[in-house]
Amino acid sequence: MRIIKPFDPWQGKWCSCPAKYTLNPYTGCAHHCLYCYTTSFIPRPFEVREKPHILKKIEKDLEEIDYSRYLSLSNSSDPYPPEEEKRKLTREILELCREKGLPVLILTKSTLVTRDIDILKTMRAAVSITITTFNSSTARFLEEGAPSPQKRAQALIKLHEAGIPTILRIDPLIPGINDEPEEWKEILSLLSSHLNQVVVSTFKPRPDSWKRMTATFPSLQKTENWYTRKRGNSLYLEDHRRIKLLEEARAVVHSFSLPFSSCREGLATWNDLPCDGSGFIID
Ligand code: SF4
């Protein structure tokens, strides 16, 4: 395989994703999320560039892949950076996948995904959009380059109205920033009838993301000693805080009668559906 790769980033037992492929049409991401973990392994992480000869490589990979799996688009960048509006690379990739019958799970923070509703509704596809907070000023600092959370919410509604399965990711849950159940309820009050699933995940800082977060939100310094568990290259909240946070999130999600899942939390038994939202595109 040249560019479509099996998804197995950490080979960790805490990842409960079904067997799938991953593809990043672009390297680097324009959203500038303070909490982004890709900055620890991607050079110039906030500079978007296209991968050379990508379409030719994808066409060849599509001759070789296992069609019982699906494609996750994308996991280390966003498939809809501003460049995509003119370049239409992700759109071309969707057309190729539709032609070959490869199911696609889109993960994005961009509203540009709604441009491709015409393709998405004619193939096996689901769209997962991340909204970490409805607080506009927090979001402006946290995800400086991304569309506002309210615009993302409107995109989810539009996709769902077009018949495309929609997944909301409230990710990451960051103590001291967006850990209040009232805030999740506000998001779900607007969106619950336009969602098929909610996925949550707690903040798992790495040294560089922690530095950015605390430079912008100095009050987080007081939570530093809550991140005591090292798993892979990330720190996890100490278990009693992490489990409590996830239990609260699960209760809120269930109170809106929506399926709940968590991502990389080692709680696969809590998941009502496959953890990433792929239950709507695979048998
Ligand atoms: S959208 Fe994802 S890849 Fe892009 S900056 Fe934010 S966390 Fe990183």
Could you figure out which of (1) over 17 Å from the mean Cα position of the chain (by Cα); (2) within 25 Å of C263 (Cβ to Cβ); (3) not small (G, A, S) isn't true of K121? (2)
Out of the residues in region 35-72 that are touching a residue at least 60 places away in the same chain (Cβ under 8 Å), within 16 Å of the ligand (Cβ to nearest atom) and not in a loop (DSSP other than H, G, I, E, B), which is farthest from L89 (Cα to Cα)? S40
Which listed residue, of L235, L168, L156, is more than 20 Å from N271 (Cβ to Cβ), within 16 Å of the ligand (Cβ to nearest atom) and either under 17 Å from the mean Cα position of the chain (by Cα) or not in a helix (DSSP H, G or I) (or both): L156
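How many of the residues in region 1-34 are in contact with a Leu (Cβ under 6 Å, 6 or more places away or on another chain) and either assigned to a loop (DSSP other than H, G, I, E, B) or among the polar types (S, T, N, Q) (or both)?
4
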Any residue in region 143-153 that is more than 16 Å from the ligand (Cβ to nearest atom) and either farther than 22 Å from S201 by Cα or buried (at least 18 other Cβ atoms within 10 Å of the Cβ) (or both)? yes
Members of region 6-23 that are more than 22 Å from P205 (Cα to Cα) and within 16 Å of the ligand (Cβ to nearest atom): T22, L23
Considering each residue of region 233-283, count those that are modelled with pLDDT of 95 or more, over 22 Å from V127 (Cβ atoms) and small (G, A, S), and give that number. 2
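The values are calculated or read from the model by the stated rules, or taken from the named source; none is laboratory data. Only a predicted model underlies this, so the values are computations on that prediction, with no experimental measurement involved. As a convention, Cβ positions derive from the backbone with ideal geometry for all residues, glycine included, and neighbour counts pool all protein chains shown.
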